[in-house]
Amino acid sequence: MCGEKEAAKLMRKQRFEFIIFDTPARPAEAEVEELARGCDLLIIPTPPDLLGIDAMALMAKSLPPETNWRVLLTATYLPLQFSTSRESRKLH
């Protein structure tokens with residue numbers, strides 16, 4: 001793990017099969033375009049909720065058309081199962 005400036009130096013010295021860049025949430029459109037043009041696969045992480053999906057959709061719209069990209073759902077929530085006190089007593 002290293003910062004952007006160190007990454008350029010390391011990439012000149014060594015050959016890597018995979019390189020992962022982690023950006024801040026909602027990078028600027030110019031930054032997104034630069035990342036998209038410089039990678040083989042762009043993975044957009046997002047939580048599976050309305051705000052996350054909306055933000056991901058806005059980012060996806062700003063990608064160059066030839067971008068190879070996928071969405072990674074980062075947190076999935078299991079529905080809570082509530083039981084009545086009568087059901088709880090049956091279990092004990």
Net +/- balance of residues flanking Ser62 in space, Cβ distance below 13 Å, scoring K and R +1, D and E -1
-1
If each of Leu51 and Cys39 carries a label point 7 Å out from its Cα toward its Cβ, how far apart are those two points in nm?
2.3
In terms of modelled amide H atoms, which long-range or inter-chain residues lie less than 5 Å from the amide H of Trp69?
Leu42
Sites Phe18 and Ala75 - FRET efficiency at Förster radius 25 Å, r taken between beta-carbons, to 0.05
0.60
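We did not get these values from a lab; they are worked out from the coordinates using the rules stated. Predicted model only: the values in this text are computed from it and were never measured. Because the Cβ atoms are built from the backbone with ideal geometry, glycine has one as well, and the counts that use them run over all protein chains shown.
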